[in-house]
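Peer 1: First the structure, which I've put down as structure tokens, then a few questions once you've had a look.
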Amino acid sequence: MLAEASGRYRAVGVDDADPAAVSVAVVWQHEPGSLQRYPNLSLVHSLGHGVEQILDDPGLPDVQVARLVDPGIPAAIARWTTRIVLSHTQREEEYREHQAAGRWRPMRRRYPESVRVGVLGLGEVGRAVAGMARGVMHPVAGWRATDEPVPGVHVLTGRDGLRDLFETSSVVINTLPSTPDTRHLVDRELLAALPDGAWFVNVGRGDVVSESVLLAALDDGLPALAHLDVFEEEPLPADSELWSHPNVRITPHVSGPTSTRTALPPLVENIHRVLDGLEPNHVVDRARGY
């Protein structure tokens, strides 16, 4: 929280703040309704890229909401997803199975030019993911809400474009945020449209695909493998079937960790902009959800 005292501003904890003096709230997974106790808020700032935990609060005050744009996160996620793409291309999962069975079996190599990467969402993260995939010689298609071009990426839109991306991609990577339009966007029909052997990677938001739908699709063989870093419920419950599914690889939401070194400067700049009477950067369109 940022509160005013004698004409100066200072950062205060939730328990120390005079509610009337608080003008900026920097939050992550706050208690729903708790922001109503601050009558003079001018900005609610997310401490992460995602803002769904703020917008889903039925008691959210009618003030601007801004998201954190950490310039280090897109590059970190792009490195993470490129490692997975290269693993697919180099058939690492298959060779691991051969090692476990004591089997010496060289396989036909996959050429990057024949392994198309499909990226869902072409915001900061999606463009970084697409750019790094292109950097290791993979053709890239990307799906977005508008047909605004992205250099080097075959941009697709609409439901037909979404199906085209799934039908023609060896690795589909979701970078979409959680919004009313994206929740459970990836359905059984799209997963069934994947080519044989295709992988699905989720580093966006877990609710873009229903976990029950994904599990049923995995049991049917498409996708052949799912790399999941985000989930509908986090932490992932201990009784989730995803933990033990042989064709799922799980990591605990670590593909793009926020770094204080790169995240604090833009956050501090945004706070200063508000205090100086300027429009904050990265304001969220509350109707669109991002």
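The values are calculated or read from the model by the stated rules, or taken from the named source; none is laboratory data. The shown structure was predicted, so the numbers you read here are calculated from the model rather than taken from an experiment. Positions of Cβ are generated from backbone atoms using ideal geometry, with glycine treated the same way; all protein chains shown enter the neighbour counts.
Peer 1: Of all residues in the stretch 220-270, which are surrounded by fewer than 18 Cβ atoms within 10 Å (Cβ to Cβ), of a type in the set (A, V, I, L, M) and under 18 Å from the mean Cα position of the chain (by Cα)?
Peer 2: Ile250, Val254 - these are the residues of the stretch 220-270 that are surrounded by fewer than 18 Cβ atoms within 10 Å (Cβ to Cβ), of a type in the set (A, V, I, L, M) and under 18 Å from the mean Cα position of the chain (by Cα).
Listed here are the residues, each with its yes/no results for (1) more than 19 Å from Leu225 (Cβ to Cβ); (2) touching a residue at least 40 places away in the same chain (Cβ under 8 Å); (3) of a type in the set (A, V, I, L, M); (4) touching a strand residue (DSSP E or B) at 6+ places or on another chain (Cβ under 7 Å).
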| site | (1), (2), (3), (4) |
| --- | --- |
| Arg37 | yes, no, no, no |
| Leu47 | yes, yes, yes, yes |
| Arg67 | yes, yes, no, yes |
| Pro71 | yes, yes, no, no |
| Ala78 | yes, yes, yes, no |
| Arg83 | no, no, no, no |
| Pro106 | yes, no, no, no |
| Tyr111 | yes, no, no, no |
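Peer 1: Let me confirm something: among Thr157, Thr89, which residue is under 25 Å from Leu191 (Cβ atoms), of a type in the set (S, T, N, Q), touching a Lys or Arg at 6+ places or on another chain (Cβ under 9 Å) and surrounded by fewer than 18 Cβ atoms within 10 Å (Cβ to Cβ)?
Peer 2: Of Thr157, Thr89, the one residue that is under 25 Å from Leu191 (Cβ atoms), of a type in the set (S, T, N, Q), touching a Lys or Arg at 6+ places or on another chain (Cβ under 9 Å) and surrounded by fewer than 18 Cβ atoms within 10 Å (Cβ to Cβ) is Thr157.
Peer 1: Scan the stretch 271-280 for residues that are surrounded by 13 or more Cβ atoms within 10 Å (Cβ to Cβ) and either touching a helix residue (DSSP H, G or I) at 6+ places or on another chain (Cβ under 6 Å) or closer than 22 Å to Gly50 by Cβ (or both) and report the count. Don't jump to the end; show me each part of the working.
Peer 2: Step one: list which residues in the stretch 271-280 are surrounded by 13 or more Cβ atoms within 10 Å (Cβ to Cβ), which gives 271, 273-275, 280.
Retained after the next criterion (residues that are either touching a helix residue (DSSP H, G or I) at 6+ places or on another chain (Cβ under 6 Å) or closer than 22 Å to Gly50 by Cβ (or both)): 271, 273-274, 280.
Of the residues in the stretch 271-280, 4 are surrounded by 13 or more Cβ atoms within 10 Å (Cβ to Cβ) and either touching a helix residue (DSSP H, G or I) at 6+ places or on another chain (Cβ under 6 Å) or closer than 22 Å to Gly50 by Cβ (or both).
Peer 1: Of everything in the stretch 126-147 that's surrounded by fewer than 16 Cβ atoms within 10 Å (Cβ to Cβ) and of a type outside the set (Ser, Thr, Tyr), which residue is nearest to the chain's Cα centre (by Cα)? Reasoning before the result, please.
Peer 2: Residues of the stretch 126-147 surrounded by fewer than 16 Cβ atoms within 10 Å (Cβ to Cβ): 135-137, 145-147.
With the extra rule that they be of a type outside the set (Ser, Thr, Tyr), the set shrinks to 135-137, 145, 147.
Working: Gly135: 21, Val136: 22, Met137: 23, Ala145: 16, Asp147: 20 Å.
Out of the qualifying residues, it is Ala145.
Peer 1: In addition: Pairs only if they're at least six apart or on different chains, beta carbon under 9 angstrom, first in the stretch 165-194 and of a type in the set (Asp, Glu), second in a loop (DSSP other than H, G, I, E, B); list them, first residue then second.
Peer 2: Here the result reads Glu167/Ala193; Glu167/Leu194; Glu167/Pro195; Asp181/Ala145; Asp181/Arg288; Asp181/Gly289; Asp187/Ser210, each pair linking the stretch 165-194 to a residue that is in a loop (DSSP other than H, G, I, E, B).
Peer 1: Is it fair to say Val254 is in contact (Cβ under 8 Å) with a residue 24 or more places away in the chain, within 30 Å of Glu94 (Cβ to Cβ) and either outside the structural domain of Ile54 (by TED's automatic domain parsing) or of a type in the set (A, V, I, L, M) (or both)? Even if it seems obvious, please write down each step before you answer.
Peer 2: Values: in contact (Cβ under 8 Å) with a residue 24 or more places away in the chain: yes; within 30 Å of Glu94 (Cβ to Cβ): yes; either outside the structural domain of Ile54 (by TED's automatic domain parsing) or of a type in the set (A, V, I, L, M) (or both): yes.
Answer is yes for this residue.
Peer 1: Okay, next question. For the stretch 41-61, which residues satisfy the criterion of being closer than 20 Å to Leu275 by Cβ, surrounded by fewer than 20 Cβ atoms within 10 Å (Cβ to Cβ) and at pLDDT 95 or above?
Peer 2: Applying the first criterion (closer than 20 Å to Leu275 by Cβ) to the stretch 41-61 yields 41-47, 61.
Filter again for surrounded by fewer than 20 Cβ atoms within 10 Å (Cβ to Cβ), leaving 42, 47, 61.
Residue satisfying the conditions is Pro61 alone.
Peer 1: From the set of residues in the stretch 92-125 that are of a type in the set (Val, Ile, Thr) and closer than 24 Å to Gly289 by Cα, which is surrounded by the most Cβ atoms within 10 Å (Cβ to Cβ)?
Peer 2: Start the filter on the stretch 92-125 by keeping residues that are of a type in the set (Val, Ile, Thr), which leaves 115, 117, 119, 125.
Then drop every residue that is not closer than 24 Å to Gly289 by Cα, which leaves 119, 125.
Numbers: Val119: 32, Val125: 26.
If we take residues in the stretch 92-125 being of a type in the set (Val, Ile, Thr) and closer than 24 Å to Gly289 by Cα, then Val119 is surrounded by the most Cβ atoms within 10 Å (Cβ to Cβ).
Peer 1: What number of residues within the stretch 62-78 are crowded, with 16+ Cβ neighbours inside 10 Å and either under 18 Å from the mean Cα position of the chain (by Cα) or at pLDDT below 95 (or both)?
Peer 2: 11
Peer 1: Considering the stretch 160-184 alone, what residues qualify as being over 13 Å from Pro223 (Cβ atoms) and part of a loop (DSSP other than H, G, I, E, B)?
Peer 2: Thr175, Leu176, Pro177, Ser178, Thr179, Pro180, Asp181, Thr182, Arg183, His184
Peer 1: Also: Quick check: anything in the stretch 125-136 touching a residue at least 12 places away in the same chain (Cβ under 8 Å), of a type outside the set (Ser, Thr, Tyr) and closer than 16 Å to Ala198 by Cβ?
Peer 2: Yes, there is a match, as at least one residue in the stretch 125-136 is touching a residue at least 12 places away in the same chain (Cβ under 8 Å), of a type outside the set (Ser, Thr, Tyr) and closer than 16 Å to Ala198 by Cβ.
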